[in-house]
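Q: Quick one: this structure, given as structure tokens, is what I'll be asking you about.
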Amino acid sequence: MQSFYRTGRSQRGGIIAADGQTNVLETPRLTLRRLNMNDLDDLALIYRDPDVRRYFPEGTLSYEETREELEWIIDVYYDRFGFGLWATIHKETGAFIGRCGLLPWTIDIGEDGAISEHPLEPPAPEVEVAYLVAKDHWRRGLGTEAAQAIVDYGFEELHLPRLICLIDPANRASARVAENIGMTLERDMELDAEPTSLYSISSERALELRRSRAPARDT
Ligand SMILES: CC(C)(COP(=O)(O)OP(=O)(O)OC[C@H]1O[C@@H](n2cnc3c(N)ncnc32)[C@H](O)[C@@H]1OP(=O)(O)O)[C@@H](O)C(=O)NCCC(=O)NCCS
């Protein structure tokens, strides 16, 4: 299926949908590329770590559950949306150290709390910047490095109007990453009966931050 979202770069260079790419992003220390079923062992190893999965309501995932998630990412997100979670590869060692990327969401906010769903077709009402790194790579700035590149991709290539993060209020590391990429706390709420902090950033705000980050040009 052709992707709804097309990248700006692809449009300039001829019409190739975002889903034609294998390597999606590169940062100084990381390559983000499309996941494939050969990543199942590596991903399952990370997903069975209770520290890594501490703030996910469903907790650790079994090998079979990881397979199901991987199939969903490939069949639904890549094929229909053209984006999703991407394998996060440490360039220096070639190691698979996590999965980071963009997740489509539908979030209905009601009086008694909010309910989330995974939309099956684009356009997604909300798109989340999602990051998860293996424990032995924490606290080296890699989560922030991946997340910043994903934010830039979401705005510059996919032209999304805004990006969000959905975070367990106790997950300080995740909140710090969200703040590092320019997001601010929009609201605290009950999402699917779990306390959740909704962080967000608009494309306009991201552009301002990008301009302030860019080195001043000589005139
Ligand atoms: C969230 C996560 C990706 C951060 O990765 P990371 O590579 O350690 O992040 P960084 O090194 O860029 O650190 C970002 C900030 O968080 C802080 N931080 C990292 N781990 C922390 C922890 N356990 N407790 C408190 N702060 C922490 C860092 O000190 C840094 O703060 P600073 O910007 O003020 O210096 C990682 O902890 C992780 O994979 N956690 C499990 C999965 C998860 O919860 N994902 C988020 C779901 S919403």
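Q: Anything in the range 44-63 that is among the acidic types (Asp, Glu), more than 20 Å from ALA193 (Cα to Cα) and exposed (fewer than 11 other Cβ atoms within 10 Å of the Cβ)? List them, or say none.
A: ASP51
Q: Output the residue which, of all residues in the range 145-172 that are small (Gly, Ala, Ser) and out of contact with any helix residue (DSSP H, G or I) (no Cβ under 8 Å at 6 or more places or on another chain), is surrounded by the most Cβ atoms within 10 Å (Cβ to Cβ).
A: Top of the filtered list is ALA146.
Q: Quick one: which helices (runs of 4 or more DSSP H) lie wholly within the range 104-219 and hold at least 3 residues that are within 15 Å of the ligand (Cβ to nearest atom) and touching a residue at least 12 places away in the same chain (Cβ under 8 Å)?
A: It comes to 142-152, 172-180.
Q: Pick out the one residue from LEU61, LEU132, LEU102, LEU70 that is of a type outside the set (Phe, Trp, Tyr) and over 17 Å from the mean Cα position of the chain (by Cα). Break it down into steps so the answer makes sense when it comes.
A: Working: LEU132 fails: over 17 Å from the mean Cα position of the chain (by Cα); LEU102 fails: over 17 Å from the mean Cα position of the chain (by Cα); LEU70 fails: over 17 Å from the mean Cα position of the chain (by Cα).
Within the list LEU61, LEU132, LEU102, LEU70, the selection yields LEU61.
Q: Sticking with this one: Would you kindly identify the helices (runs of 4 or more DSSP H) lying entirely within the range 1-99 that contain at least 3 residues that are modelled with pLDDT of 95 or more?
A: Counting at least 3 such residues, we get 40-47, 63-72.
This table checks each residue for (1) out of contact with any Leu (no Cβ under 9 Å at 6 or more places or on another chain); (2) more than 16 Å from VAL129 (Cβ to Cβ); (3) at pLDDT below 95; (4) acidic (Asp, Glu).
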| residue | (1), (2), (3), (4) |
| --- | --- |
| ARG172 | yes, yes, no, no |
| ARG176 | yes, no, no, no |
| ILE181 | no, no, no, no |
| PRO195 | yes, yes, no, no |
| TYR199 | no, no, no, no |
| SER203 | no, no, no, no |
| ASP218 | yes, yes, yes, yes |
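Q: Assess whether ARG211 counts as being within 15 Å of the chain's Cα centre (by Cα), farther than 22 Å from THR31 by Cβ and either at pLDDT below 95 or surrounded by fewer than 18 Cβ atoms within 10 Å (Cβ to Cβ) (or both).
A: So ARG211 fails the test.
The values are calculated or read from the model by the stated rules, or taken from the named source; none is laboratory data. It should be emphasised that the depicted structure is a prediction, and the values quoted were computed from it without experimental measurement. Neighbour counts are summed over all protein chains in view; Cβ atoms, including those assigned to glycine, are modelled from backbone coordinates with ideal geometry.
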